[in-house]
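Here's the structure, in structure tokens; my notes come after.
The values are calculated or read from the model by the stated rules, or taken from the named source; none is laboratory data. Being a predicted model, the structure only gives us computed values, none of them experimental. Cβ placement follows ideal geometry from the backbone for every residue including glycine, while neighbour counts extend to all protein chains displayed. Heads up: the accessible areas ignore ligands, DNA and RNA and are worked out on the full protein's heavy atoms, side chains in. Shrake-Rupley method; radii C 1.70, N 1.55, O 1.52, S 1.80 Å.
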Amino acid sequence: MKKKIPSWGILALVCLIVAGVLSVVSCITDEPIALRAQEKAFAARQEAFALADEFVQMELEDGCAVDACYEAYKAGKLVGYVAQITVSGCQGPIEIQAGFDLDGEIQAISCGGQKFSETSGLGAKVKEHAFRDQFSGLAVPVALGETIDAVTGATISSTAVVDGVNAAGDFVGSLLCPSV
């Protein structure tokens, strides 16, 4: 008499095999994925402060206004800061990298992030040079409709970026001129 393996046993065996394969694939791909994320983050900082060739992450206090802040160096000399802040756009989070020189002047900004989901053709235009280049050479605070033109049809996204750049600028300003 033949014994049949119950269907739940076959299903359990298939699940174990699939779980094993997935864990092996995860072990193989985790490091390259993390390396790629670091490269993208460096590229975003480089875009926000093109003059710099090295970025050193600063230690921040809990409850800080920014997510991260980096000292920007050129040939070993401090030339400015890049502050990273995440703001809420119309469709989700917008990660902003804002570069400031030692006079507090905005060098450039970079918008996006892994969870960026603004509407294509509207809010996603905050990532384009036509919007981002308006910030270069300005000092905070910048104002939508005065020093910065909003992306047409994307006022919420534009406002979020302006607010984020102002918050980042205020933080960097506190580094440049600490209150006594």
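When ligands, DNA and RNA are left out and all protein chains stay put, how many square angstrom of accessible area per residue does the range 89-180 have with a 1.4 Å probe?
Numbers: 4490 Å² over 92 residues.
With all protein chains present, the range 89-180 gives 49 Å² per residue.
How would you classify the range 49-104 from its alpha-carbon gyration tensor, with a ≥ b ≥ c the square roots of the eigenvalues: rounded for a/c under 1.5, else prolate if a/b is greater than b/c, otherwise oblate?
prolate
Kirkwood hydrodynamic radius (Cα pairs, Å) of the range 105-180?
Answer for the range 105-180: a Kirkwood hydrodynamic radius of 13.0 Å.
Summing Lys, Arg as +1 and Asp, Glu as -1, what charge do residues with Cβ under 14 Å from the Cβ of Phe49 carry, Phe49 excluded?
Around Phe49, the surrounding residues sum to -3.
Summing Lys, Arg as +1 and Asp, Glu as -1, what charge do residues with Cβ under 11 Å from the Cβ of Ile106 carry, Ile106 excluded?
-3
Heavy atoms only, probe 1.4 Å: what % of the accessible area of the range 113-163 goes to carbon and sulfur, would you let me know?
C and S atoms contribute 52 percent here.
Is the shape of the range 30-158 rounded, prolate or oblate, going by the alpha carbon gyration tensor and its root eigenvalues a ≥ b ≥ c, with a/c under 1.5 for rounded and a/b larger than b/c for prolate?
Cα axes put the range 30-158 in the oblate bin.
Quick one: check the C-alpha center-to-center distance for the range 1-80 versus the range 150-180, whole angstrom.
Cα centroid to Cα centroid, the span is 27 Å.
At 222 nm, what helix-only mean residue ellipticity would the chain give, in deg cm²/dmol to the nearest 500, using -39500 (n - 2.57) for each DSSP H run of four or more?
Only helices count here, giving -13000 deg cm²/dmol.
Give the lysines reachable from Lys125 as a straight Cα distance under 20 Å; neighbours fewer than 8 places away on the same chain don't count.
Here the lysines satisfying the reach criterion relative to Lys125 are Lys40, Lys115.
Over the chain, what is the mean sequence separation of C-alpha contacts under 8 Å (at least six apart), divided by residue count, expressed as relative contact order in percent?
17
Check the straight Cα-Cα distances from Lys74 and name the aspartates and glutamates below 18 Å, setting aside those fewer than 8 residues away within the same chain.
Glu47, Asp53, Glu54, Asp101, Asp103, Glu105
So for each of 149-155, 26-32 I average, over its residues, the number of other beta carbons within 10 Å; can you give me the resulting order with the highest mean first?
Highest to lowest by the protection proxy: 149-155, 26-32.
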